[in-house]
Amino acid sequence: MVRQVIAPGSAKTAAPRRQMNGAQTLVEALRRVGVKLLFGHPGGASLPIYDALYDAQDIRHILVRHEQVAAHAAVGYARASGSVGVCTATSGPGATNLITGLTDAMMDSVAVVAITGQVPRPVIGNDAFQEADVTGITMPITKYNTLVMHPTDIPRAIYNAFHLARTGRPGPVLVDIPRDVSQEICEPDFETVPHLPGYRPVVEGNPNQITEAADALSAAARPIIYAGGGILTSGATPELTALVDATGIPVALTLMGKGAMDEMHPRCLGMLGMHGSAFANWAINSADVVLAVGVRFDDRVTGRLKDFAPHARFIHVDIDPAEIGKNKPAHIPIVGDAKQVLAALGPRVRAPQIEAWWKQIEEWRRRNPFRYRQRDGRISHQYVCDLLNRLTGGRAIVATDVGQHQMWMAQWYRCREPRTFITSGGLGAMGFGFPAAMGAKFARPDKQVLALVGDGGFQMTLQDLSTAVEHELSLPIVILNNGALGMVRQWQTFFYRGRLSSSILRNPDFAAVAQAFGARGIRVTRPDEVEAALTTALATEGVPCVVDVHCDPEENCLPMIPSGQSVAEMILDE
Amino acid sequence: MSEIAHAATISVLVQNAPGVLVRVAGLIRRRGVNIHSLSVGPTEDPSISRMTIVVDTAPERTEQFAKQLRKVVEVLRATAIDSSPTVDRELALIKVNVTPGTRLEIMEIANVFRANVVDLTEKTMTLEVTGKGEKVDAFVQLLVKYGIREVARTGQVTLVRGAQAT
Ligand SMILES: Cc1ncc(C[n+]2csc(CCOP(=O)(O)OP(=O)(O)O)c2C)c(N)n1
Ligand SMILES: [Mg+2]
């Protein structure tokens with residue numbers, strides 16, 4: 001993650017303080033922490049803030065059509081850029097609409113700051129119109145939150161919020177500001193600095209532990225690196241790659257870790273876990289030493305914990321001490337920032353003797369690669385994902401929604417660079433993909449960005465096509481339309497005797513919907529039309545382009561390790 | 001009351017700020033664990049409070065709780081108290097029925113436990129006792145037969161013995 005230094009003020013001489021209201025104070029504080037853009041939706045309690053934003057030429061406000069989109073877009077913005085994503089909503093219903101996006105940011109450790117309006121101080125706690133206890137509601141889904149009771153406290157609250165959001169293990173921070181605090185005239189002090197005596201993230205790993213880890217890796221016969229989102233957060237891709245190049249140790253990536261290493265690198269085994277490659281899962285489960293970096297041993301990776309990598313000694317590197325030993329005991333725990341730890345560790349590892357190990361892995365890779373077949377004129381979802389990978393060279397930023405299409409894209413899209421795969425990993429929130437892609441496009445207008453969504457999930461946030469059209473975003477939105485809540489249908493097929501309870505969708509004509517919004521819309525029903533449609537969409541400028549690809553309604557996503565089971569129970573493709 | 005499978009003590013120093021108690025309690029609640037007792041009070045520095053939390057959880061999970069608690073921004077220090085020798089104290093007020101016939105008997109019991117009589121009426125006596133939880137439990141048990149009207153207990157407070165900080 002980009003480490004921005006908090007520069008609350010440059011002036012050394014104490015200028016006479018200006019009078020302004022709380023909302024103007026907020027805007028100035030946001031300016032001083034470097035905010036250029038925020039996503040939001042106004043309402044009564046945030047009207048003073050919007051009035052102050054009206055004068056702020058240098059801070060762009062993107063009006064979304066639903067606050068959920070503001071939060072997801074802030075996440076997309078943060079994950080694509082490495083800087084803090086900002087969203088804002090009014091009190092009560094506005095704030096509660098942010099909840100899903102903030103929870104996603106919490107689960108996936110994304111630096112987001114949310115600013116919410118609150119009812120005026122005298123009526124707080126009285127069930128006033130549009131009052132919700134937002135700091136109470138968001139306590140478990142934010143890294144920190146605060147209710148600001150005086151306008152002069154706003155600068156420090158904002159500096160604290162940004163400092164907390166982007167340092168240590170990043171996460172969402174919410175600042176709740178009552179309307180009358182925004183309106184009150186004050187003389188704010190912008191020279192104040194963050195004050196958080198209880199917050200001291202450890203970044204440097206313990207040298208003795210690092211030596212021990214280096215010795216364990218050097219002596220390993222079947223080592224593997226299990227790398228996750230923490231690599232991306234800390235910007236440790238060069239250090240990871242250097243370690244792999246020097247030692248030849250294979251790397252398996254988590255869903256959140258996609259992009260942490262070039263997936264075309266011969267040492268990279270791609271994604272592991274429930275829908276990961278068979279060879280990555282076999283490899284980690286046969287390993288004798290596992291270097292786990294920036295991962296949290298999520299159950300979608302480990303399956304049944306006691307059977308996960310049963311022969312391995314674990315070296316666990318994480319900036320959050322609470323992650324180490326949480327799910328699986330670590331033999332060599334290292335608390336620290338991935339970049340720093342890998343930089344220190346790399347030079348101390350002597351290349352282990354692993355020719356036999358690689359022979360085994362290559363044999364597995366040959367035996368069970370990802371593969372698909374197009375049958376009876378139907379479009380395979382995997383073919384579309386594979387094509388998108390080829391057409392973009394794995395260098396576009398892809399935001400996915402949640403479901404089968406997400407897993408297929410994770411399998412087929414081979415990220416070449418960090419911060420190119422944006423997906424709701426921990427929360428698995430449908431409705432995420434399109435807003436997150438918008439956020440990413442605002443953060444990286446120079447880059448090809450695309451959304452890959454399911455027909456189900458897209459309908460949770462598609463109203464914001466208005467926003468994308470309004471801002472003339474060059475944004476392809478590819479729908480893998482299987483006429484179903486495909487992942488639900490798959491589970492019902494495998495585990496509920498094919499009783500398809502409420503998983504089949506009757507959909508609108510998405511291309512026509514797109515056109516009604518002023519976007520471009522293309523409908524694709526035949527395999528031979530797919531490539532041309534995707535090529536057109538990727539080349540479309542100045543307007544979002546929805547490609548509704550009608551895919552095989554019966555395709556299932558494999559391999560699959562059923563929930564709570566182990567690699568031994570993995571369901572392979574036929 | 002003392003019939004808990006496991007009781008682990010966690011001592012937490014926090015900034016004295018709104019919402020901190022809820023954050024700390026919420027973290028424990030979220031993990032489906034019962035708080036057996038919780039006591040909060042200021043320290044020698046009025047801006048810092050100490051919470052002593054006794055949770056019904058297996059000892060091997062206690063350190064994970066302490067780690068999670070350390071992530072709360074206002075938490076300055078969280079210690080899972082495991083093997084270190086400690087001083088544990090609890091205070092209880094017990095209001096018990098008395099008759100002219102039982103008064104002396106109860107005062108004798110109180111003497112043994114070094115409890116003080118802090119209120120006395122025709123029909124009731126209120127006793128104050130301090131000590132480890134087990135001692136308070138034992139005292140309460142002995143008073144049951146006289147008819148306990150009300151009990152108020154503080155919950156345990158703990159410090160590690162000697163020069164080591166808690
Ligand atoms: C907000 C939300 N609701 C429900 C779910 C459960 N869920 C997971 S995948 C899925 C189906 C998604 O369908 P679709 O968007 O069409 O994608 P597909 O699986 O067909 O590719 C559902 C309902 C979820 N992840 N998120
Ligand atoms: Mg679908």
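The values are calculated or read from the model by the stated rules, or taken from the named source; none is laboratory data. All values derive from a computational prediction rather than experimental measurement. All Cβ positions, even for glycine, are placed from backbone atoms using ideal geometry, and neighbour counts span all protein chains on display.
Summary of values
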quantity: Residue within the range A:469-478 that is away from chain B (no Cβ under 14 Å), within 16 Å of ligand 2 (Cβ to nearest atom) and either closer than 24 Å to A:Arg65 by Cα or not in a loop (DSSP other than H, G, I, E, B) (or both) present; calculated: yes
quantity: Any hit, the range A:433-456, residues being within 14 Å of ligand 2 (Cβ to nearest atom), within 18 Å of the chain's Cα centre (by Cα), within 16 Å of A:Ala399 (Cβ to Cβ) and surrounded by fewer than 24 Cβ atoms within 10 Å (Cβ to Cβ); calculated: no
quantity: Matching residues, the range A:490-545, being under 27 Å from the mean Cα position of the chain (by Cα), without any contact (Cβ under 8 Å) to a residue 12 or more places away in the chain and away from ligand 2 (no atom under 16 Å from the Cβ); calculated: A:Ala539
quantity: B:Glu74 being surrounded by fewer than 17 Cβ atoms within 10 Å (Cβ to Cβ) and within 14 Å of chain A (Cβ to nearest Cβ); calculated: no
quantity: Failed item in (1) surrounded by fewer than 19 Cβ atoms within 10 Å (Cβ to Cβ); (2) touching a residue at least 40 places away in the same chain (Cβ under 8 Å); (3) among the aliphatic types (A, V, I, L, M), with B:Val24 passing the rest; calculated: (1)
quantity: Residue list for the range B:48-62, restricted to those being touching a strand residue (DSSP E or B) at 6+ places or on another chain (Cβ under 7 Å), surrounded by fewer than 17 Cβ atoms within 10 Å (Cβ to Cβ) and within 19 Å of A:Pro321 (Cβ to Cβ); calculated: B:Pro59
quantity: Top-ranked residue of the range B:27-39 - restricted to ones that are assigned to a helix (DSSP H, G or I) and without any contact (Cβ under 8 Å) to a residue 24 or more places away in the chain, ranked as nearest to the other protein chains (Cβ to nearest Cβ); calculated: B:Arg30
quantity: Condition check for A:Val478: more than 11 Å from ligand 1 (Cβ to nearest atom), within 19 Å of A:Leu534 (Cα to Cα), in the same structural domain as A:Ala511 (by TED's automatic domain parsing) and modelled with pLDDT of 95 or more; calculated: yes
quantity: Of the criteria (1) within 25 Å of A:Asn145 (Cβ to Cβ); (2) more than 12 Å from chain A (Cβ to nearest Cβ); (3) in contact (Cβ under 8 Å) with a residue 40 or more places away in the chain, which one B:Asp56 fails; calculated: (1)
quantity: Residues that are within 16 Å of ligand 1 (Cβ to nearest atom) and either without any contact (Cβ under 8 Å) to a residue 24 or more places away in the chain or not hydrophobic (A, V, I, L, M, F, W, C) (or both), drawn from the range A:457-472; calculated: A:Gly457, A:Gln459, A:Thr461, A:Gln463, A:Asp464
quantity: Helices (runs of 4 or more DSSP H) fully within the range A:102-198 counting 1 or more residues that are more than 21 Å from A:Gly34 (Cα to Cα) and more than 14 Å from every other protein chain (Cβ to nearest Cβ); calculated: A:179-183
quantity: Verdict on B:Leu91 being within 14 Å of chain A (Cβ to nearest Cβ), within 28 Å of B:Gln164 (Cα to Cα) and in a strand (DSSP E or B); calculated: no
quantity: Selected residue [aromatic (Phe, Trp, Tyr) and surrounded by fewer than 24 Cβ atoms within 10 Å (Cβ to Cβ)] from A:Tyr54, A:Tyr77; calculated: A:Tyr54
quantity: Looking only at the range A:394-426, and only at residues there that are part of a loop (DSSP other than H, G, I, E, B) and within 16 Å of ligand 2 (Cβ to nearest atom), the one that is nearest to the other protein chains (Cβ to nearest Cβ); calculated: A:Ser424
quantity: Sole residue being touching a Ser or Thr at 6+ places or on another chain (Cβ under 8 Å) and basic (Lys, Arg), chosen from A:Arg366, A:Arg313, A:Arg390, A:Arg348; calculated: A:Arg348
quantity: Pairs where the first residue, in the range A:147-169, is in the same structural domain as A:Ala29 (by TED's automatic domain parsing) and under 12 Å from A:Pro188 (Cβ atoms) and the second is of a type in the set (Ser, Thr, Tyr) and buried (at least 21 other Cβ atoms within 10 Å of the Cβ), C-beta under 7 Å, 6+ apart; calculated: A:Pro151/A:Thr25; A:Ile154/A:Thr25; A:Pro155/A:Thr25; A:Ala157/A:Thr146
quantity: Check on B:Phe139, modelled with pLDDT of 95 or more, aromatic (Phe, Trp, Tyr) and in a helix (DSSP H, G or I); calculated: yes
quantity: Search result, residues across the range A:457-468 that are more than 16 Å from ligand 2 (Cβ to nearest atom) and of a type outside the set (D, E, K, R); calculated: A:Gln463, A:Leu465, A:Ser466, A:Thr467, A:Ala468
quantity: The lone exception for A:Leu147 - which of (1) within 30 Å of A:Gly259 (Cβ to Cβ); (2) in contact with a strand residue (DSSP E or B) (Cβ under 6 Å, 6 or more places away or on another chain); (3) hydrophobic (A, V, I, L, M, F, W, C) it fails; calculated: (1)
quantity: Residues within the range A:293-322 that are surrounded by fewer than 24 Cβ atoms within 10 Å (Cβ to Cβ) and within 12 Å of chain B (Cβ to nearest Cβ), tallied; calculated: 3
quantity: Residue within the range B:100-110 that is more than 14 Å from every other protein chain (Cβ to nearest Cβ), of a type in the set (Ser, Thr, Tyr) and surrounded by 15 or more Cβ atoms within 10 Å (Cβ to Cβ) present; calculated: yes
quantity: Residue within the range A:266-279 that is part of a helix (DSSP H, G or I), in the same structural domain as A:Ile224 (by TED's automatic domain parsing) and crowded, with 24+ Cβ neighbours inside 10 Å present; calculated: yes
quantity: Residue count for the range A:394-430, restricted to those that are closer than 16 Å to A:Gly76 by Cβ and in contact with an Asp or Glu (Cβ under 7 Å, 6 or more places away or on another chain); calculated: 7
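Conditions tested, residue by residue: (1) farther than 21 Å from A:Thr135 by Cα; (2) part of a helix (DSSP H, G or I).
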site: A:Glu28; (1), (2): yes, yes
site: A:Arg31; (1), (2): yes, yes
site: A:Pro42; (1), (2): no, no
site: A:Ile62; (1), (2): yes, no
site: A:Tyr77; (1), (2): yes, yes
site: A:Ser91; (1), (2): no, no
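Okay, residues lined up against (1) among the small types (Gly, Ala, Ser); (2) within 25 Å of A:Asp299 (Cβ to Cβ):
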{"site": "A:Asp376", "(1), (2)": "no, no"}
{"site": "A:Val384", "(1), (2)": "no, no"}
{"site": "A:Arg390", "(1), (2)": "no, no"}
{"site": "A:Arg395", "(1), (2)": "no, no"}
{"site": "A:Ala399", "(1), (2)": "yes, yes"}
{"site": "A:His405", "(1), (2)": "no, yes"}
{"site": "A:Ala410", "(1), (2)": "yes, yes"}
{"site": "A:Ser424", "(1), (2)": "yes, yes"}
{"site": "A:Met430", "(1), (2)": "no, yes"}
